[in-house]
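Beneath this line is the structure, given in structure tokens, with notes to follow.
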Amino acid sequence: MKILVINGPNLNMLGIREPKHYGKETYGDLINKIKQHADLIGVSVEFRQSNHEGDLVDYIQSAYRNFDGIVINPGAYTHTSIAILDAVKSVGVPTVEVHISDVNAREDFRKISYIRAACVLTISGHGTDGYLEAIDFLVQGAQK
Ligand code: DQA
């Protein structure tokens, strides 16, 4: 099983940006944590990160016929991007939306998610463990 893990804008700043919301782990720590988990359960993972909306659309499209699942934290584009929603709908690859912080407990604008409508699951507020839970969910779905 092959899973593509996509992170959107400012997630490269993990460990520096607003630790009260996003914790102290860096983006590199996050990648290592996901890799370790994926190795343990025998899943292949690849990683992409960009601060640009169009890049995120390209990454999602690249999953078509190449990946069995997508885990995506679109960052702030969650709350604005119909293009990212449409990309997930286009490829038909099971996709889990992940947020490190609990977006429902923050500003009202963070409660809106365009991408959610195209996702098999949304995980919010479980810190970086949410990425591991997302992978487990996709693996369970593929075994059914
Ligand atoms: C985030 C939540 C978003 O509202 C925010 O813009 C982010 C990160 C999260 O992981 O909690 O960049 O997606």
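Among the residues making up the stretch 16-35, none is in contact with a Phe, Trp or Tyr (Cβ under 7 Å, 6 or more places away or on another chain) and of a type in the set (Asp, Glu). Output the residues belonging to the stretch 87-125 that are part of a loop (DSSP other than H, G, I, E, B) and either closer than 21 Å to residue 64 by Cβ or among the charged types (D, E, K, R) (or both). If the condition is that a residue be part of a loop (DSSP other than H, G, I, E, B) and either closer than 21 Å to residue 64 by Cβ or among the charged types (D, E, K, R) (or both), then 92, 93, 94, 102, 106, 107, 114, 119, 120 are the ones that fit.
The rows are residues; the columns are (1) of a type outside the set (A, V, I, L, M); (2) crowded, with 20+ Cβ neighbours inside 10 Å.
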residue	(1), (2)
33	yes, no
42	yes, no
52	yes, no
79	yes, no
88	no, yes
114	yes, no
120	no, no
140	yes, no
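Is it true that residue 100 is modelled with pLDDT of 95 or more, closer than 22 Å to residue 38 by Cβ and within 15 Å of the ligand (Cβ to nearest atom)?
Values: modelled with pLDDT of 95 or more: yes; closer than 22 Å to residue 38 by Cβ: yes; within 15 Å of the ligand (Cβ to nearest atom): yes.
For residue 100, the condition - modelled with pLDDT of 95 or more, closer than 22 Å to residue 38 by Cβ and within 15 Å of the ligand (Cβ to nearest atom) - is met.
Under 8 Å between Cβ atoms, at least 6 apart or on separate chains: pull out the pairs that start in the stretch 20-38 with a residue that is without any contact (Cβ under 8 Å) to a residue 12 or more places away in the chain and end on any residue that is not in a loop (DSSP other than H, G, I, E, B). Correct list of pairs: 35/45. Only one of the numbered conditions (1) among the acidic types (Asp, Glu); (2) surrounded by 15 or more Cβ atoms within 10 Å (Cβ to Cβ); (3) more than 16 Å from residue 126 (Cα to Cα) is violated by residue 108, and that is (2).
Need at least 3 residues that are touching a helix residue (DSSP H, G or I) at 6+ places or on another chain (Cβ under 9 Å) and away from the ligand (no atom under 13 Å from the Cβ) per element, so show me which helices (runs of 4 or more DSSP H) inside the stretch 1-80 make the cut, counting only ones lying wholly within it. In the stretch 1-80, the matching helices (runs of 4 or more DSSP H) lie at 27-41, 53-62.
The values are calculated or read from the model by the stated rules, or taken from the named source; none is laboratory data. The model shown is predicted, which means the values in this text are computed figures rather than measured ones. Methodologically, a virtual Cβ is constructed for each residue, glycine included, from the backbone with ideal geometry; neighbour enumeration extends over all protein chains shown.
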